[in-house]
Amino acid sequence: MSKTYRAGLVGCGGMGRHHLNVLNDLPEFELVALCDIFPDAVNKSGDEYGVEARYLDFDQMYDEANLDLVTVATQTRGHHGPVVAALRRGISVLCEKPIAIDLVEADGMVAAAEASGAKFAIHQQNHVNPGIRKAQAMVQEGGIGDVILVRGRNKAGRKSGNEFMEMGTHVADMMLCFGGVPEWCSGDGLQREPIRRTDGHYGGEGDVSARSGLWIGDGDTRNSALRFPRRHLG
Ligand SMILES: NC(=O)c1ccc[n+]([C@@H]2O[C@H](COP(=O)([O-])OP(=O)(O)OC[C@H]3O[C@@H](n4cnc5c(N)ncnc54)[C@H](O)[C@@H]3O)[C@@H](O)[C@H]2O)c1
């Protein structure tokens, strides 16, 4: 019989609840502990999924719940803490995208994974999307002829900071899936007006762009050009 892995979740919000549904459906995993800083959130999920061990502090959960793996589904600015704390205890981690708010945090998370020997993955679910996999196979088999351009574009309609850092990670990830790791890239940005701390973007969904120093607001645009190894352009 295959091993059953003891799984926990940090962040019982919107995406966390998707992970709970999946973990609950997979026979290889036993959902044993939940954590959120808000009692209402952790209790709602705990009641719904029948999980008794509920925590408001991820360190305490890691120390007490004997986890094999944890899913981290906090907002991006809150990924680094619970990820590094888990990896340091040898607990494997599936963390929501985008990996972190900046490269310093991202590098720290990768270094913690390398030092721990535990597994660390970012949830870029398009890698297992059957439609994307079919398209990749068609490209690899030459089914659509020579690829000369890989074009990625967001669906728009959200704040630009959110589009760039939160949703853009899916677009960039897919472009790399089809094109490989770029040999070079260049980019430009147009900022319509400076973003101030009092703007809605700050602390809200544009928080990622504000914290990362990119300061992207409504109406701003970012364009990038990439050169892929097989000489495709992006
Ligand atoms: N893969 C996808 O397609 C996809 C889709 C949506 C969101 N996401 C990602 O999922 C992440 C979460 O987004 P969301 O919309 O679910 O956020 P959310 O705000 O709905 O949920 C985050 C939860 O984390 C909790 N939390 C915050 N700090 C915590 C801490 N220190 N310890 C424990 N819990 C804590 C919050 O109280 C909240 O309940 C983001 O990184 C987002 O980019 C990914």
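Every number in this text was worked out from the coordinates using simple rules, so none of it is lab data. A quick note: this is a predicted structure, and the numbers were derived from the prediction, not measured. Counting neighbours? That spans all protein chains shown, and the Cβs are built from the backbone with ideal geometry, glycine included.
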How do the peptides 60-70, 90-100 rank, highest first, by the average count of neighbouring beta carbon atoms within 10 Å per residue? 90-100, 60-70
Alpha carbon convex hull of the stretch 5-123, volume per residue in cubic angstrom: 84
Here the averaged projected area of the stretch 22-76, based on the convex hull of its alpha-carbon atoms and given in nm², is 4.0
Please list, in chain and number order, the residues 5+ apart from residue 6 or on another chain whose amide H is under 5 Å from its amide H, with Hs placed from the backbone. 30, 68, 69
Peptide ranges 23-35, 114-126 listed from the most packed, as the mean C-beta count within 10 angstrom indicates: 23-35, 114-126
